[in-house]
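All of the numbers you see were taken from the coordinates with simple rules; none came from a lab. Computed from a predicted model, the values in this text were never measured in an experiment. Cβ: placed from backbone, ideal geometry, glycine included. Neighbour counts: every protein chain shown.
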Amino acid sequence: MPVLPLFINGREYQIACGEGEEARLDVLAGEVESRIQKMMQPGAPAGDPQLMLLTALSLADELYDVRDQLHTVSSDVENMKNSDRKKRSDTEQAVAATLSDIAARIERIAENVEKA
C-alpha cells in the first residue's frame, strides 16, 4: 500500500492509499489546501484545527448541495416514469437543466483543483 506525503497548510501528512490512487489523493489534497488558503483571510482563525474544521464544513456544505440536486434529479426521473408525454418532455428539460448546473459546478471545482 503506497504512502503519499501530502502538504496541507504547511504541514506534511503521510497518507496511505490503494495502488493507483496516488494521483487522485494528490488532487484531493490540492483541493483541501486551496480551500484552506481561501479561509485564511484577515480575521479568520489561524489555528490548524479551526481551518481544517472550516474547510471540512465548506466541503460538507457543497456535498450537501450536490446530494440535494441529485435527489431532485432522481425525483424528476421518477416523475418522468409516471407522467404523460407532455409532462415527460417538461421534466426532461428540467432534468437536463439540473444536470447542466451540476456539470458546471463540477467544472468549477475541477478548475479550482487544477489551479492549486
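What FRET efficiency would be calculated for the residue pair VAL27, SER75, taking the C-beta separation as r and a Förster radius of 25 Å, to the nearest 0.05?
Working: r = 31 Å, r/R0 = 1.25.
Approximately 0.20, to the nearest 0.05.
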So if we plug the beta-carbon distance of MET52 and SER100 into 1/(1 + (r/R0)^6) with R0 = 41 Å, what FRET efficiency do we get, rounded to 0.05?
-> 0.80
Using label points projected 7 Å from each Cα along Cα→Cβ, tell me how many nm separate TYR64 and MET40, to one decimal.
-> 2.7
Of LEU53, ASN79, GLY20, whose Cα points farthest to the positive end of the dipole of the chain (charges on the beta-carbon: +1 Lys, Arg; -1 Asp, Glu; origin at the Cα centre)?
-> ASN79
Over the chain, what is the mean sequence separation of C-alpha contacts under 8 Å (at least six apart), divided by residue count, expressed as relative contact order in percent?
-> 22
Tell me which label goes with the value of log10 I(q)/I(0) by the Debye sum over Cα atoms at q = 0.14, 0.16, 0.19 Å⁻¹ computed from the coordinates here: (i) -0.64, -0.81, -1.06; (ii) -0.48, -0.62, -0.89; (iii) -0.74, -0.86, -1.02.
-> (iii)
Could you give the angle, 0 to 90 degrees to the nearest 10, between helix 22-39's Cα long axis and the longest principal axis of the Cα atoms of the chain?
-> 80
So who's got an amide H within less than 5 Å of the one on ILE8, skipping anything under 5 residues away but keeping other chains? H placed 1.01 Å off N, in plane.
-> TYR13
Which value, in debye to the nearest 20, gives the size of the charge dipole of the chain about its Cα centre, when Lys and Arg are +1 and Asp and Glu are -1 at the Cβ?
-> 380
